1. Give me the pairs: first residue in segment 40-64 and touching a residue at least 24 places away in the same chain (Cβ under 8 Å), second residue buried (at least 21 other Cβ atoms within 10 Å of the Cβ) and not in a helix (DSSP H, G or I), beta-carbon distance under 7 Å, and six or more apart or on different chains, which are they?
2. So is A101 closer than 29 Å to F19 by Cβ, in contact with a helix residue (DSSP H, G or I) (Cβ under 7 Å, 6 or more places away or on another chain), at pLDDT below 95 and not acidic (D, E) or not?
3. Has segment 90-100 got any residue that is under 16 Å from the mean Cα position of the chain (by Cα), among the hydroxyl-bearing types (S, T, Y) and not assigned by TED's automatic domain parsing to the domain that holds R16?
4. In segment 65-78, what residues are within 21 Å of P116 (Cα to Cα) and either touching a residue at least 12 places away in the same chain (Cβ under 8 Å) or touching a helix residue (DSSP H, G or I) at 6+ places or on another chain (Cβ under 7 Å) (or both)?
5. Within segment 78-93, can one find any residue that is among the basic types (K, R) and at pLDDT below 95?
6. Check R112, R129 and return the single one that is part of a helix (DSSP H, G or I) and among the basic types (K, R).
7. Taking the stated definitions as given, is G67 in contact with a strand residue (DSSP E or B) (Cβ under 9 Å, 6 or more places away or on another chain) and closer than 23 Å to E107 by Cβ?
8. Which one is modelled with the lowest pLDDT among residues in segment 132-156 that are in a helix (DSSP H, G or I) and buried (at least 16 other Cβ atoms within 10 Å of the Cβ)?
Amino acid sequence: MCTSGTPGRADWNGYRFEFVRCPLRLRQAEEKYFGTVPREIEQQVVCVTGPERTLVDCMAVPRRAGGPEEALVSLRGVTVLKFEILEKYLDMLGNARVYAAVGAFLEQEAQRLFVPVSLLKRLEERCPRSKTYFSRSAGAGRYLRRWNLLVPEAFLRKEDDFEA
């Protein structure tokens with residue numbers, strides 16, 4: 001959950017929630033609620049991140065989603081994305097490594113999510129100029145040349161993953 005105040009944690013109904021500061025660029029542009037949706041939880045309306053912002057945030061800081069492997073497993077459950085929201089949020093953050101991680105993920109999920117080829121090209125143009133890690137803590141398993149990204153094996157979809 002995004003807060004403009006002090007980051008912290010809360011436990012509720014067996015789940016642990018981490019409150020983190022909204023990215024500085026969003027606070028400066030007064031867009032801290034971009035990509036969020038209101039949800040009613042126990043008669044209280046809260047703003048939660050939509051699938052587009054969740055995907056980008058998990059690619060930006062995978063440890064907040066339980067680590068790289070857990071983030072990827074969870075993100076593979078996403079069924080629909082509004083690509084204009086996803087791309088605008090990426091542009092707001094302006095982080096080359098995140099463009100690469102999101103691009104690499106979407107490339108693997110292109111058929112399932114109906115990802116436009118033109119979007120992948122735009123993301124590719126914004127990825128890092130030199131090799132970078134998806135997540136240093138996960139180490140590198142494979143280099144994805146198109147994205148200039150070193151990813152753990154868990155990042156790569158296996159043929160068995162397509163059967164479901």
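1. T49/G35; G50/G35; E52/G35; R53/G35; P62/S135
2. Judged against the criteria, A101 is not a match.
3. Filtering segment 90-100 for residues under 16 Å from the mean Cα position of the chain (by Cα) gives 90-100.
Checking the rest, the ones that are also among the hydroxyl-bearing types (S, T, Y) come to 99.
Retained after the next criterion (residues that are not assigned by TED's automatic domain parsing to the domain that holds R16): 99.
So far as segment 90-100 goes, yes, one or more of its residues are under 16 Å from the mean Cα position of the chain (by Cα), among the hydroxyl-bearing types (S, T, Y) and not assigned by TED's automatic domain parsing to the domain that holds R16.
4. L72, L75, R76, V78
5. Start the filter on segment 78-93 by keeping residues that are among the basic types (K, R), which leaves 82, 88.
Now drop any that are not at pLDDT below 95, which leaves none.
No, the conditions are met nowhere in segment 78-93.
6. Going through R112, R129 in turn, just one is part of a helix (DSSP H, G or I) and among the basic types (K, R): R112.
7. no
8. Selected residue: A138.
The values are calculated or read from the model by the stated rules, or taken from the named source; none is laboratory data. Since the model is a prediction, treat every value here as computed from it, not as a measurement. Note that we place each Cβ from the backbone using ideal geometry, even for glycine, and neighbour counts take in every protein chain shown.
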